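Peer 1: This structure is in structure tokens; I'll ask about it shortly.
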Amino acid sequence: MNPPLDQLIARRGHKPKILVVDDQPINIRVIHGLFKSQFDVVMAMNGEQALSQAEQHRPDLIVLDVMMPDMDGYEVCRRLKANPNTHAIPVVFVTAHSDQADEIQGIALGAIDFISKPINAVLVEARIKTYITFKLQADLLWSMGVLEGL
């Protein structure tokens, strides 16, 4: 881990939490394997579980598959952003589709990034650590009252 993230975690007193949402267990296992030693990883296999887990666990970041049966990732993101309890949780979409229109739609819904499958573990790890660092820094600033008027 990088020193700023280590310091933020130490100051916070507990590991950051990420929610991984994918209808394919192998994809969840890959991301879980990347982060299980650094973060608490919560998992969901469909949209309804994702919404419930996000509400219950209030993760620091959600890694969300776009293509899922019943409720796709876009609808999950739409509902997360509409809920006052989950609207500020950063969302990173993961998908096998690399169409720019899909990426634009995801960003327009409030996602912070769009990662293509199959994932490159080194890049995904670097990106997720960066987003967690940003989230913990923002949380720290909020707790200090620095962002109150913004």
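Peer 1: Modelled label-to-label distance, TRP142 and GLN7, 7 Å Cα→beta-carbon offset: nm?
Peer 2: Rounded to a tenth, the inter-label distance reads 2.2 nm.
Peer 1: As a check on your grasp of the helix formula, calculate [θ] at 222 nm for the chain: sum -39500 (n - 2.57) over DSSP H runs of n ≥ 4, divide by the residue count, round to the nearest 500. Provide the component values of the computation, followed by the final result.
Peer 2: Details: 6 runs with 74 residues, N = 150.
Helix contribution divided over all residues of the chain: -15500 deg cm²/dmol.
Peer 1: Efficiency by 1/(1 + (r/R0)^6): what FRET value for MET67 and HIS87, r their Cβ-Cβ distance, R0 = 30 Å, to the nearest 0.05? It would help to have the intermediate numbers written out before the result.
Peer 2: On the way: r = 23 Å, r/R0 = 0.78.
Between MET67 and HIS87 the formula returns 0.80.
Peer 1: Here's something else I'd like to know. With contacts defined as alpha carbon pairs under 8 Å and 6 or more residues apart, what's the relative contact order of the chain in percent? Please list the in-between numbers first.
Peer 2: Details: 208 pairs, mean separation 31.8, N = 150.
Dividing the mean separation by the residue count of the chain yields 21 percent.
Peer 1: OK, next. I want the local charge near LEU8. Using Cβ-Cβ distances under 14 Å, sum +1 for each Lys or Arg and -1 for each Asp or Glu among the other residues. If you can, show how the numbers build up before the last one.
Peer 2: Details: positive: ARG11, ARG12, LYS15, LYS17, LYS129, LYS135; negative: ASP6, ASP60, ASP139.
Net local charge, LEU8 excluded: +3.
Peer 1: Straight-line reach from LYS135: which lysines have Cα under 17 Å away, leaving out those fewer than 8 places along the same chain?
Peer 2: Counting by Cα, and skipping residues close in sequence, LYS135 has these lysines nearby: LYS15, LYS17, LYS81.
Peer 1: What number comes out for the charge environment of ASP65, summing +1 per Lys or Arg and -1 per Asp or Glu over other residues with Cβ under 11 Å away? Working shown, then result.
Peer 2: Values: positive: LYS117; negative: ASP22, ASP23, ASP72.
So the surrounding residues net to -2.
Peer 1: Here's another thing I want to ask about it. Provide the per-residue ³J(HN,Hα) series for the range 83-94, in order, calculated from phi with Karplus coefficients 6.51, -1.76, 1.60 and θ = phi - 60°, each as a whole number of Hz, with x at glycine and proline positions.
Peer 2: Each residue of the range 83-94 in turn: 8, x, 7, 10, 5, 8, 6, x, 10, 10, 7, 10 Hz.
Peer 1: Only counting other Cβ atoms within 10 Å, I'd like HIS87, HIS14, HIS32 sorted with the fewest neighbours first. Each step should come with its number before you reach the end.
Peer 2: Details: HIS87 11, HIS14 8, HIS32 16.
If I rank by nearby Cβ atoms, fewest first, I get HIS14, HIS87, HIS32.
Peer 1: Same structure again: Could you check the simple spin-label distance between SER52 and GLU125, using points 7 Å along Cα→Cβ, in nm with one decimal?
Peer 2: According to this spin-label approximation, the distance is 3.3 nm.
Peer 1: For the range 17-69, what class follows from the C-alpha gyration tensor (a ≥ b ≥ c being the square roots of its eigenvalues): rounded when a/c is under 1.5, otherwise prolate if a/b is larger than b/c, else oblate? Working shown, then result.
Peer 2: Working: a/c = 2.27, a/b = 1.13, b/c = 2.02.
Here the range 17-69 falls in the oblate category.
Read-outs throughout are calculated quantities, based only on the coordinates presented, and are distinct from any laboratory measurement. A quick note: this is a predicted structure, and the numbers were derived from the prediction, not measured. Reconstructed Cβ throughout: ideal geometry from the backbone, glycine too, with neighbour counts over all protein chains shown.
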